[in-house]
Every structure is written in structure tokens, then in C-alpha cells.
Amino acid sequence: MAHECIRCEEMLTADDIAIFRKLICREADEYICMTCLSEDLGIPRKKLEDIADYYHRTGVCCLFPRYN
Ligand SMILES: [Zn+2]
């Protein structure tokens with residue numbers, strides 16, 4: 001099922017959802033996109049993308065499927 005950001009209604013990517021689960025609430029069923037989340041947290045969106053990339057590359061978090 002497709003999700004959209006509950007704030008700006010942007011369609012969410014798998015990474016948007018994974019980052020929200022990782023940083024905010026593991027059991028969430030409503031999400032905000034990385035852009036809105038970065039505003040809330042006061043950190044650049046790029047930083048969130050870097051975090052997602054880190055987890056994809058290392059495979060240490062099951063929310064982020066490892067890159068092949
Ligand atoms: Zn948003």
C-alpha cells in the first residue's frame with residue numbers, strides 16, 4: 001500500500017518510511033517525508049539520505065535492505 005507524507009502529501013519512498021521508523025517510531029503507520037522530517041529535526045535532508053545510505057551499505061538495520 002502506498003503511503004504519503006501526512007504533512008505535505010508527497011508520495012513516500014521506502015527510505016522515507018524506513019528513516020522515520022528508525023529515528024522516530026518503529027511502530028508508526030503514518031509517516032512524514034524526509035524533507036518534513038529534516039525540518040522537524042533541524043538537520044539537512046542530505047544528512048538523512050546519508051544515514052539511509054549508511055544503513056543500506058552496512059546492512060546493520062533490517063529496515064534498510066542491503067545494497068548488492
Ligand atoms: Zn512531507
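The numbers here are math on the coordinates, done by the rules we state, and not lab data. Bear in mind the structure is a predicted one, so any value in this text is a computation, not a measurement. Cβ sites come from the backbone with ideal geometry, for glycine too, and all protein chains shown count toward neighbours.
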Item to check | For the chain, with +1 on Lys and Arg beta carbons and -1 on Asp and Glu, the positive-most of CYS25, CYS8, HIS56 along the dipole | outcome: HIS56
Checklist entry - Principal axis lengths of the stretch 14-58 from Cα atoms, whole Å, largest first? => result 25, 21, 13
Item to check | Cβ charges +1 (Lys, Arg) and -1 (Asp, Glu), total dipole of the stretch 14-58, debye | outcome: 220 debye
Checklist outcome for this item: Using alpha carbon centers only, the stretch 2-16 is separated from the stretch 45-59 by a whole-angstrom value of 18 Å
Item to check | 10 Å Cβ shell holding at most 15 others, DSSP loop, trypsin sites (Lys or Arg not before Pro): longest site-free stretch of the chain | outcome: 27-65
